[in-house]
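A short worksheet on the structure shown next.
The values are calculated or read from the model by the stated rules, or taken from the named source; none is laboratory data. Because the structure is predicted, anything quoted here is derived from the model rather than measured. A quick note on method: Cβ atoms are made from the backbone with ideal geometry, for glycine too, and the neighbour counts reach across all protein chains shown. In case anyone asks, the SASA skips ligands and DNA or RNA and just uses the protein heavy atoms, side chains included. Shrake-Rupley method; radii C 1.70, N 1.55, O 1.52, S 1.80 Å.
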Amino acid sequence: MIRRLPRLLAVLVLLAALPALSSCYVPDEFRAEVRIARNGDFSLDYRGLLTWAPLYMDIVAGKYTQAEAQEKIELIRRDLKRDDQFTSIRSMGRGQFDVVYHRTGNFVTNPGLISFVRRNARILNIDARTDGSVTVFAETPNIDNARPMADAGLLVRGPLRVIPNKRVVGAPNANATYKEPDGEWTVYDWILDGTAPAYPEISFRR
């Protein structure tokens, strides 16, 4: 069983099992919300931890001195800070950051793909097409990868909420669905714990 392996060996197993994670951030202890209006206005909010997986695993494996680790952590913090949608970035050590992110826009005037954290490190996406269709989807580790991730200390935990007043296409795989008090907006909730067999996804049309 992997839980009996030494911590360093668990990290090596994680590297072998999750090659895609070697170039992305891992979310944890977060709250994320996407709101999409009929007129194309949207907002995307994220509060919680972001872990740069390669640095985290290198630090846990003892690859760097404390000074070297701090230098690399600072480089990542500066890289995140280049995006002014981050209103707060606080280092928690080992390549982990407590962040607040807020982005707004309009898909009628500016359709396309919006990705958090960014296009080459995607966690949460809003894909708006010129035909008026919009899909919100998250990219999270599947259940087969959850155990080695957890053993290395990398967990995906937190609620994702999508709130539209647009027409939903198909049946979203949300954990819960309910109306806001005004009756106009519908809330779709997913609770992510690193073991979900399917990625959250929901699609709309005008």
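Among what's in the stretch 165-183 and is more than 23 Å from Gly40 (Cβ to Cβ) and not in a strand (DSSP E or B), pick the residue that is modelled with the lowest pLDDT. Step through it out loud before you land on a result.
Keep residues of the stretch 165-183 that are more than 23 Å from Gly40 (Cβ to Cβ), which gives 171, 173, 175-176, 178, 181.
Adding the requirement that they be not in a strand (DSSP E or B) leaves 171, 173, 175, 181.
Values: Ala171: 67, Asn173: 84, Asn175: 89, Pro181: 88.
This residue is Ala171.
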Of the residues in the stretch 143-164, those that are under 16 Å from the mean Cα position of the chain (by Cα), at pLDDT below 90 and either assigned to a loop (DSSP other than H, G, I, E, B) or on the phi > 0 side of the Ramachandran plot (or both) come to Leu154, Leu155, Val156, Arg157
Of the residues in the stretch 78-113, those that are in contact (Cβ under 8 Å) with a residue 60 or more places away in the chain, open to solvent by less than 20 Å² (accessible area, probe 1.4 Å) and among the β-branched types (Val, Ile, Thr) come to none
The residue from Thr87, Thr130, Thr109, Thr104 that alone is within 22 Å of Val168 (Cα to Cα), in a strand (DSSP E or B) and not small (Gly, Ala, Ser) is Thr104
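Out of all the residues in the stretch 25-79, which are part of a loop (DSSP other than H, G, I, E, B) and either of a type outside the set (D, E, K, R) or out of contact with any strand residue (DSSP E or B) (no Cβ under 9 Å at 6 or more places or on another chain) (or both)? So that I can check it myself, show each step before the final result.
Of all residues in the stretch 25-79, those part of a loop (DSSP other than H, G, I, E, B) come to 37-40, 61-65.
Listed by number, the residues that qualify are Ala37, Asn39, Gly40, Ala61, Gly62, Lys63, Tyr64, Thr65.
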Subset of the stretch 29-53, residues open to solvent by 50 Å² or more (accessible area, probe 1.4 Å), under 16 Å from Ser203 (Cα atoms) and under 15 Å from the mean Cα position of the chain (by Cα), comes to Glu33
Tell me yes or no: at least one residue of the stretch 54-69 is among the basic types (Lys, Arg), open to solvent by 80 Å² or more (accessible area, probe 1.4 Å), more than 26 Å from Gly105 (Cβ to Cβ) and modelled with pLDDT under 95. yes
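Look through the stretch 184-197, keep the residues that are over 20 Å from Asn39 (Cβ atoms) and open to solvent by less than 50 Å² (accessible area, probe 1.4 Å), and return whichever of them is modelled with the lowest pLDDT. Spell out the reasoning first.
Step one: of the stretch 184-197, the residues over 20 Å from Asn39 (Cβ atoms) are 189-197.
With open to solvent by less than 50 Å² (accessible area, probe 1.4 Å) added as a condition, the list becomes 189-190, 192, 194, 196.
On the way: Asp189: 94, Trp190: 92, Leu192: 85, Gly194: 67, Ala196: 60.
Here the answer is Ala196.
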Checked Val13, Val34 against criteria (on the phi < 0 side of the Ramachandran plot and at pLDDT 95 or above); the one match is Val34
